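Everything below concerns the one structure shown next.
Just so it is clear, none of the values below were taken in a lab; they were calculated from the coordinates. All figures in this text were calculated on a predicted structure; none of them were measured in a lab. All Cβ positions, even for glycine, are placed from backbone atoms using ideal geometry, and neighbour counts span all protein chains on display.
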Amino acid sequence: QFNIDRAESVLISGGAIGDAFRIDESNDVQIRGGDMGDSSLVTDSMVDFSGGRIGRSLTQSGGVWTMSGGEIGEGYAVYQGILNLYGGTIQTGINVHSGSIVNIYGTSFVIDGVDITSGLIVGESFLVTDRDVLLTGVYADGAGFSFNLNGTPHDIPPLADYFDPNATVTITLIPEPGTGLLIGTGLLIAARRRTILS
């Protein structure tokens, strides 16, 4: 068992940690690589997860978990915490309980087969209140995602997704990679034209 307790700054970038990994009341934990085992617990901590792998049964109680890469195994439970998703892979069985917040950042979003991307405003979060629907799309990092927003835990099989109706789910559209560069180039060309004409 490996514990990080009340740490101010920790970086994990490789190696292997066994089962029952714990992070308690820590402010700046960065996980960029490595292999963590099963049955991990994170309590009231700020974690930036951008690489590596965490096994089955990760429980987040409070705090903020920001994910932009890497992989989390089956059975990720969030209690009264904030989960920011920019990329990576979460296997089936994410359970988001009452009072928790999930913010998903991506370049496309589809609810039950209906693409809603064109109706979103870049940079503005959109509250998803629907339950018992399938939410799919593409994360900011280009990876695809799929969540079943099941709203009733007793009607779903083990290791199925569950999003409590009293949990908050938002989606935020961000520019596709390269779009910002194209816009910037266009503005530069326009500025040069103005300079030549004046």
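Here are the numbers:
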| quantity | calculated |
| --- | --- |
| For ILE54, distant residues with modelled amide H under 5 Å away | MET36, GLU71, ILE72, GLY73 |
| Charge dipole (region 49-158, unit charges on Cβ, about Cα centre) - positive-most of THR152, TYR139, GLY99 | GLY99 |
| Whole-number percent relative contact order across the chain, with pairs defined as alpha carbons under 8 Å at least 6 apart | 14 |
| Rg over Rh, two decimals, region 1-58 (C-alpha only, Kirkwood Rh) | 0.92 |
| Options ALA20, VAL122, GLY33, ranked by Cα towards positive dipole end of the chain, top entry (Cβ charges) | VAL122 |
| Protection proxy ranking, peptides 108-114, 73-79, average beta carbon neighbours within 10 Å, highest first | 73-79, 108-114 |
| Distant-in-sequence amide H partners of VAL10 (H built 1.01 Å from N, under 5 Å) | ASP28, VAL29, GLN30 |
| Chain lengthening between ILE101 and ASP5 when straightened (0.36 nm per residue, less Cα-Cα) | 32.2 nm |
| Ordering of 134-143, 88-97 by packing [mean C-beta count within 10 Å, highest first] | 88-97, 134-143 |
| Dipole magnitude of the chain about its Cα centre (Cβ charges: Lys, Arg +1; Asp, Glu -1), debye to nearest 20 | 900 |
| Within the chain, helix-based [θ] at 222 nm, where runs of 4 or more DSSP H residues each add -39,500 (n - 2.57), nearest 500 | -3500 deg cm²/dmol |
